[in-house]
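The values are calculated or read from the model by the stated rules, or taken from the named source; none is laboratory data. Worth saying up front: this structure is predicted, and the values here are computed from it rather than measured. Cβ placement follows ideal geometry from the backbone for every residue including glycine, while neighbour counts extend to all protein chains displayed. Each accessible area value is taken on the protein alone, full model and side chains, heavy atoms only, with ligands, DNA and RNA left out. Shrake-Rupley method; radii C 1.70, N 1.55, O 1.52, S 1.80 Å.
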Amino acid sequence: MGSQTNSLGENYTKELEITTTKMTVKRILGLVMDNIDGDDERKREVISLGIGDPTAHSCFHTTDAAKEAVVETLLLDKFNGYSSTGGLPITRKAIASYLSRDLCDDLSPEDVYITVGCTQAIEISISILAKPNSNILLPRPGYPTYALCANYRNVEVRYYDLVPEKNWEVNLEAIEDLADQNTIAIVIINPGNPCGNVYSYDHLEKIAETAKRVKTLVIADEVYGHLAFGETPFISMGLFSSITPVLTLGSLSKRWLIPGWRLGWFVINDPNCTFKSPKVIERINKYLDICASATTFIQAAVPKIIKNTKEDFFRNTLKMLKKNSDLCYEKILEIPCINCPYKSQGSMVVMVKIITALLQDISDDMDFCFKLAREESVILLPGTAMGLKNWVRITFAVEPSCLEEGLKRLKSFCLRHSKPKK
């Protein structure tokens, strides 16, 4: 792969750009990794600022309470069999109680369905809503798994833009223009991936009101729920479910730093029961009957994980993320040819614009990331993967020293490829 990128032609770049819209983040990062020069005499450590998995770094590890809960549950020898459809009752009850802390109306355990991570929750939500000639409104930039699942279910994807100059807020006028009688849902991601934005109460309320006007529901991806470290606190979209139904997707992965445990949820927030009909519930249960279930002993540990985790653990995680976000933003300001219009306020990522007009021999974001990997052994996620060409996503949930070194190499790369000043 590395030899191919030495002479990326225009046709190859366009073909690759089209292909990336049909790939997962992991697969695209694999393509970038393929450009690492194994014969490089410098043999520098590869620094990955591309994937949102902080567990490779010692400064980001889960709480002892989570580990102890899993060990204790496993040793009980009671949870080695299959889980019931929708998840263990004790797990559904625990998640309902946990999420209800952020809502006006308490959720019922029957509103909660346990999934194999948030990815399966995305798949379920689109699959149960899909119908002939339907369409779904997705954010741009956004998480590509939504488009992949929609395409698989023959649901037309329509993109609405997030506005970087307005802290990546939703372009509400675009939603009204795009939606029609066949629109099955509007997807929002809050806190944002890939932008690091956190929506205010007022903006979320406007999103709900817009969804009501266009007669559709909201799929709220809150996998980064509560990972907000700026001025705006995290507010659950479910708080506005009396305006329009909200399907909330989430997991333990990010807040508890355990993405490999694959414990997520799909939740119906619908106090007026405008969506939650017996027919819909039957369809969900039938779909879950043919799906893999989350690991049973992990499910059984959830009540104790939630109950026994101290607030200090969450505070320390947010403190580290804010420190790294600040460091990332400050270092980016020192780098020519790239621009960060919005300092990340949540999640673990930030979007950075590549000013290609100031660079020589760099055609676009894919070319930028391939050459950066080959020359500096630094991995970033091309913005094309998230629907925004000539941007890159930087993940800062890494060791501070690793982040600083990675950004130092990024600066060297940009300086080396900058056009001479006239």
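Going by the conditions given, is Asn133 modelled with pLDDT of 95 or more, assigned to a loop (DSSP other than H, G, I, E, B) and either closer than 30 Å to Phe370 by Cβ or not assigned by the TED database to the domain that holds Asn324 (or both)?
For Asn133, the condition - modelled with pLDDT of 95 or more, assigned to a loop (DSSP other than H, G, I, E, B) and either closer than 30 Å to Phe370 by Cβ or not assigned by the TED database to the domain that holds Asn324 (or both) - is met.
Hey, among the residues in segment 337-366 that are open to solvent by less than 10 Å² (accessible area, probe 1.4 Å) and charged (D, E, K, R), which one's farthest from Lys26 (Cα to Cα)?
The residue in question is Asp364.
Yes/no per residue for (1) surrounded by fewer than 20 Cβ atoms within 10 Å (Cβ to Cβ); (2) in contact with a strand residue (DSSP E or B) (Cβ under 6 Å, 6 or more places away or on another chain); (3) in the same structural domain as Leu249 (by the TED database); (4) more than 20 Å from Leu252 (Cβ to Cβ):
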position: Ile47; (1), (2), (3), (4): no, yes, no, yes
position: Ala69; (1), (2), (3), (4): no, no, yes, no
position: Thr73; (1), (2), (3), (4): no, no, yes, no
position: Lys78; (1), (2), (3), (4): yes, no, yes, yes
position: Asp106; (1), (2), (3), (4): yes, no, yes, yes
position: Tyr113; (1), (2), (3), (4): no, yes, yes, no
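Look through Val187, Val218, Val223 and report the one residue that is at pLDDT 95 or above, of a type in the set (Val, Ile, Thr) and touching an Asp or Glu at 6+ places or on another chain (Cβ under 9 Å).
None of the other options fit; the residue is Val187.
Within segment 11-41, how many residues are open to solvent by 40 Å² or more (accessible area, probe 1.4 Å) and modelled with pLDDT under 65?
Looking only at that region, the number is 10.
Mind checking which residues of segment 50-70 are outside any loop (DSSP other than H, G, I, E, B) and of a type outside the set (Asp, Glu)?
Pro54, Thr55, Ala56, Ala65, Ala66, Lys67, Ala69, Val70
Do we have Glu334 as touching a residue at least 24 places away in the same chain (Cβ under 8 Å), more than 21 Å from the chain's Cα centre (by Cα) and either loosely packed, with under 15 Cβ neighbours inside 10 Å or not assigned by the TED database to the domain that holds Asn80 (or both) here?
Criteria met by Glu334.
Out of everything in segment 83-104 that is farther than 18 Å from Asp289 by Cβ and charged (D, E, K, R), what residue ends up being least open to solvent (accessible area, probe 1.4 Å)?
Among them, the one singled out is Asp102.
Run Tyr159 past the list (1) in contact (Cβ under 8 Å) with a residue 24 or more places away in the chain; (2) within 25 Å of Lys353 (Cβ to Cβ); (3) not in a strand (DSSP E or B) and report the number of the one that doesn't hold.
Single failed check for Tyr159: (3).
Using beta carbons and a limit of 7 Å, which pairs, at least six apart or on different chains, have the first residue in segment 183-205 and among the basic types (Lys, Arg) and the second one open to solvent by 10 Å² or more (accessible area, probe 1.4 Å)?
Final answer for the pair search is none.
Conditions: (1) at pLDDT 95 or above; (2) surrounded by fewer than 24 Cβ atoms within 10 Å (Cβ to Cβ). Val392 meets all but one. Number of the miss?
Here Val392 clears every test but (2).
Give the residues of segment 192-206 that are buried (at least 24 other Cβ atoms within 10 Å of the Cβ) and either in contact with a Lys or Arg (Cβ under 9 Å, 6 or more places away or on another chain) or outside any loop (DSSP other than H, G, I, E, B) (or both), sorted by residue number.
Residues satisfying the conditions are Asn193, Pro194, Cys195, Gly196.
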